[in-house]
Amino acid sequence: MLASTSQPSAVARLAELSLPGRVHVGAASEAVRRLPIGVRPLDAVLNGGLPRGRISELIGPLSSGKTSLALTLLATATRRGEVVACIDPAEALHPASLAIAGTDLQRLLWVRPPSATAAMRCAELLLQAGGFAVVVLDLGVSPPRPLRGQVWPRLLHAAEQSHTALIVVAPERVAGSFAAVSLGLQRRTPLWRRGLWALFDGFETATTVVRNKLGAPGKSTVIRACESCSWEPLHARTLGSSNP
Amino acid sequence: MRLACLYVPDFPLAALLRAEPDLIGTPLAVVDELRPRPRLKAISAEAVRRGVTVDLTTAQAKAIAADLVVRRVAPGVLRAAQAALCDAAESFTPRVEDAGDGIAYLDLEGLGALFESESRLANVLAQRVMRLGLEARIGVAGSKVAAYLAACHGGGITVIPPGEEWHSLAPVPIRLLEPGPELAATLQRWGIRCIGDLVALPTAAVGARLGPEGVSLVRRARGEDERPLVPRPLPLQFEEGVEIEYGIEALEPLLFVLRGLLDRLITRLALRGFICGDLRLSLRLGNRGRDERTIAVVAPSNEVKVLLALVRLQLETHPPIAAIEGVRIAAVGERLRAAQLDLFRPNGPAPTRLAITVARLAAICGADRVGAPAVADTYRPDAYGIAPFHPTPPGFERKGPRVQGFKGSRAGDLFLEPSIPRTLEPWNSSGAIPLALRAVRPPRAVEVFCEHDRPEFVRGDGLAGRVVHAAGPWRVHGEWWSESGYARDYYDAQLSDGCVYRLYCDLGTQNWFVDGVYD
């Protein structure tokens, strides 16, 4: 163990070796910067948002609201003027949904790799480029198994260096212990508007912090992914304004 | 009026040495291949030292100096050198005349305020030409012909003060005015060998004896131009090229050649105050084919390393099909745009790194699979677009994305403006977020069992369930005037597995598809 008197010289030596911050001597590391999702109850549960420079997971089955949450995160970041990226091997990104969420589309880089392996390579390139606030890696409905074990440490290292939040969207946990935060989403009730014509309005989703290396896990809240809270309903945008 | 003439002696040789600097110091000769038996057109100082002279055949020259390197110069190399010479001149003034064969004239009007003397200006001009890999003689005088004669006859920089053209050019030999063979012989017979002797003759007498050609020669000898300076149009792109003696098959040697070309290209662009935009690479292949490709430079840059990385990625992704025997690379010059960044807003990715990253991603995924998403200009529900990724700096906003092409969209459709809310999100405090659709591309065919025209059961690849709730139909139809017309009935259906899908029935074929999942 290094004596306290040797700390400045050790840190200076590491800085000379272009490795500043790689080894923390004695004192605690600098505070983790947060990336607000833009949903107040959820940000409160996450102590201000998802951590920058770390891997976070949004996990849940289909129709649990994980895509809606990821798009909200992208929208919030681009509205702050930040540049974001979405890696989408399943080609599931729906530009109209992005626009409805309020995303500045010019600040979003959409990458559609041909396979999950290529998606990992793309994620690493984007993290190494630096300057992106968020990189969303959407592993689709069924992530390939097994993902190579060396991938996650490399991605984590690149994310730390660039202070980019890497958000993995998957039906189940994939990053293992390399994920700093895992947010589990579980659909509770689909919301249907009754009347002369039934209309689908969205879901109510229970959101639980499954894993949190930067705070206490287990906190949960309920969010709603719904059409009625959008500025422009998804149906009006994509299917025209005609009534059924 | 004051004019300067840039004159590069032995221009083909100079152009070749500029394109292939490793030949400097070797006994080198350039042949004129247009003649039936190629003869030496220009020779280097090393070759002269070994006793080689101009106009020998290759065999004769090789007999004198066995290690003589004999090369032909490709027209592209000559063109690039001439363009570089004009670029050096245009870094001073836009009024530059391209006279060809290593000669360029520039108008010095108005440059007096920038330089203390014409000698100083000529010195700086010579340095700029040298930066472009050429060595030019410079003459400054009151007319084109006087400036040309001063450049040809003088050693390096010759400045003729105004009104002293006759006196200064008197000892210049008449052959520099390039009279016709008959006229030259007549003057030789008369004992008139220098310009001073010719100018002393009365014009009327010369006209009576030598005709219009003689009068024209006397006028030129007096420094009178036959036509004024004609500025060349400013070039829209800059080009460099090289011919390779032996075909290159591997990437690394090709990149070595390209580095030299890019170096020279960037120097030319920088002299003109431009930065490098999109690159156009043209490869002449060994199978008599040609490989043309455009390399998009997302963030215009004058860093050779960055541009070379983009070229490497392009060549690695799509390697040429045969050995390469000639390379030409052209660049579009773009003006550097200053952008004021905000102290309190986040910085985006560094433009040059972003350009390389986008190129690398395009190499992995395909060029049409990387970009900014765009909402399609159509009512077709499954249409989407992709635009080049040029993130605007924080605080700036572009009016509408530049969209490359939409999948399934047609020109002439009405445009749906994306309505991005400009105020705080309504979902911010309530815990509600906008609903998103997860697209299924291409739409997955399913079998739907209906009862009273309502979907009751859905069965398909990896999907089966009873319909618990359904909403719809929303009838969507359009583009009926074309083959890609569509008419569909859309439904939102919650299946027994709990997921909510977007289904549609194609009214033309009565087939059902899933084109999205609400998630």
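Listing for the model above:
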read-out	value
Condition met for residue B:328 (at pLDDT 90 or above, of a type in the set (Lys, Arg), exposed (fewer than 15 other Cβ atoms within 10 Å of the Cβ) and within 28 Å of residue B:74 (Cα to Cα))	no
Residue count, the range A:89-142 (criterion: part of a helix (DSSP H, G or I), within 7 Å of chain B (Cβ to nearest Cβ) and closer than 13 Å to residue A:159 by Cβ)	3
Flag if residue B:114 is under 30 Å from residue B:273 (Cα atoms) and crowded, with 20+ Cβ neighbours inside 10 Å	no
In the range A:53-69, the residues that are facing another protein chain (nearest Cβ under 8 Å), buried (at least 24 other Cβ atoms within 10 Å of the Cβ) and among the hydrophobic types (A, V, I, L, M, F, W, C)	A:69
Of all residues in the range B:242-269 being closer than 29 Å to residue B:90 by Cβ and either at pLDDT below 90 or outside the structural domain of residue B:305 (by TED's automatic domain parsing) (or both), the one that is surrounded by the fewest Cβ atoms within 10 Å (Cβ to Cβ)	B:243
Condition check for residue B:519: modelled with pLDDT of 85 or more, under 47 Å from the mean Cα position of the chain (by Cα) and closer than 16 Å to residue A:62 by Cα	yes
Answer from B:459, B:502, B:438 - the residue that is at pLDDT 90 or above, touching a Ser or Thr at 6+ places or on another chain (Cβ under 7 Å) and in a strand (DSSP E or B)	B:438
Qualifying residue in the range B:337-346 (condition: more than 14 Å from every other protein chain (Cβ to nearest Cβ), modelled with pLDDT under 85 and within 25 Å of the chain's Cα centre (by Cα))	yes
Residue that is surrounded by the most Cβ atoms within 10 Å (Cβ to Cβ) [pool: residues in the range A:195-224 that are facing chain B (nearest Cβ under 10 Å) and part of a loop (DSSP other than H, G, I, E, B)]	A:198
Qualifying positions in the range A:42-72 - part of a loop (DSSP other than H, G, I, E, B), at pLDDT 90 or above and more than 18 Å from residue A:222 (Cβ to Cβ)	A:52, A:53, A:54
Residue match in the range B:467-485 (condition: in a loop (DSSP other than H, G, I, E, B), charged (D, E, K, R), more than 54 Å from the chain's Cα centre (by Cα) and farther than 26 Å from residue A:225 by Cβ)	no
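The values are calculated or read from the model by the stated rules, or taken from the named source; none is laboratory data. These figures come from a predicted structure and were not determined experimentally. Note: ideal-geometry Cβ built from the backbone for every residue, glycine included; neighbour counts use all protein chains shown.
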